[in-house]
1. Regarding the range 85-93, can at least one residue be identified that is surrounded by fewer than 17 Cβ atoms within 10 Å (Cβ to Cβ) and either in a helix (DSSP H, G or I) or within 12 Å of the ligand (Cβ to nearest atom) (or both)?
2. Go through (1) within 13 Å of the ligand (Cβ to nearest atom); (2) free of Cβ contacts under 8 Å to residues at least 24 places away in the same chain; (3) farther than 20 Å from residue 127 by Cα for residue 36 and report which single condition fails.
3. Does the range 99-115 contain any residue that is within 20 Å of residue 56 (Cα to Cα) and within 15 Å of the ligand (Cβ to nearest atom)?
4. Here is a check on your reading of the model: is residue 46 more than 13 Å from the ligand (Cβ to nearest atom), more than 21 Å from residue 158 (Cα to Cα), modelled with pLDDT of 95 or more and surrounded by 20 or more Cβ atoms within 10 Å (Cβ to Cβ)?
5. When the residues of the range 57-73 are narrowed to those that are assigned to a loop (DSSP other than H, G, I, E, B) and touching a helix residue (DSSP H, G or I) at 6+ places or on another chain (Cβ under 9 Å), which ends up surrounded by the fewest Cβ atoms within 10 Å (Cβ to Cβ)?
6. Could you check the range 107-208 for helices (runs of 4 or more DSSP H) lying wholly inside it with 2 or more residues that are farther than 30 Å from residue 78 by Cβ and touching a residue at least 40 places away in the same chain (Cβ under 8 Å)?
7. Scan the range 19-30 and report the pairs whose first residue is at negative phi and at pLDDT 95 or above and whose second residue is in a strand (DSSP E or B) and surrounded by fewer than 16 Cβ atoms within 10 Å (Cβ to Cβ), with Cβ atoms within less than 6 Å and a gap of 6+ or a chain change.
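The values are calculated or read from the model by the stated rules, or taken from the named source; none is laboratory data. All of these numbers come straight from a predicted model, not from anything done at the bench. We place every Cβ from the backbone using ideal geometry, glycine too, and count neighbours over all the protein chains shown.
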Ligand SMILES: NC(=O)c1ccc[n+]([C@@H]2O[C@H](COP(=O)([O-])OP(=O)(O)OC[C@H]3O[C@@H](n4cnc5c(N)ncnc54)[C@H](OP(=O)(O)O)[C@@H]3O)[C@@H](O)[C@H]2O)c1
């Protein structure tokens, strides 16, 4: 699949590298094309450019940006992701670390409302970058919850999560981003405030 990584920070670089290693065509898209080109030069088989160029290139785009940057990125890309899959891994945080939005609305729903012609799926927001290095805990793959209203996006995210070595779990419609975003906040409380260990992941277990 042709994947654009919008944002060349921590999670963007990690998932771009992992998906390239899995055989996907990856293009990093940055606010500064040279920054994405520099990242691509360090990751075999990837390309770099501006965010508009990366959006035009892809079939699926990972939005790997802070929540406060979404308005600017949305203005820059405009209709460039219409008809394409948009993977939203954003935790909509305030500078205090608490959620900026929630209960009755979510970042996932806002992105799906704004880009209503794109196929938006919420995924990976509750998984720390370190987990992607080794997603197996006690012999079990870390759970990757995802939610979307779009069947194509759900089919794609199941494969893309499996390519990362994760166990994808359907968490329902995009409205359930209201549940997955607090799950990301819970992860941060556990990792940074309570256990002081970032090599933590959620595992869903059942009797299967
Ligand atoms: N790190 C994790 O473990 C993790 C896990 C799950 C979810 N997430 C979510 O993933 C998103 C990115 O997290 P991250 O840790 O990768 O953050 P990061 O290292 O700070 O990278 C964010 C990237 O977003 C881009 N960006 C676009 N507009 C921006 C702006 N106005 N200000 C700052 N950066 C801007 C930048 O790339 P360019 O300079 O190339 O444009 C920047 O490198 C966040 O929403 C976070 O909640 C992170």
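1. Checked against the condition, which is being surrounded by fewer than 17 Cβ atoms within 10 Å (Cβ to Cβ) and either in a helix (DSSP H, G or I) or within 12 Å of the ligand (Cβ to nearest atom) (or both), the range 85-93 yields no hits at all.
2. Condition (2) is where residue 36 drops out.
3. Taking every residue of the range 99-115 in turn, at least one turns out to be within 20 Å of residue 56 (Cα to Cα) and within 15 Å of the ligand (Cβ to nearest atom).
4. In short, yes.
5. Ranking the qualifying residues of the range 57-73, first place goes to 59.
6. 129-133, 177-188
7. Final answer for the pair search is 25/2.
Residue by residue, here is whether (1) over 27 Å from residue 176 (Cβ atoms); (2) touching a helix residue (DSSP H, G or I) at 6+ places or on another chain (Cβ under 6 Å); (3) free of Cβ contacts under 8 Å to residues at least 40 places away in the same chain holds:
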| site | (1), (2), (3) |
| --- | --- |
| 43 | yes, yes, yes |
| 50 | yes, yes, yes |
| 78 | yes, no, yes |
| 91 | no, yes, no |
| 99 | no, yes, no |
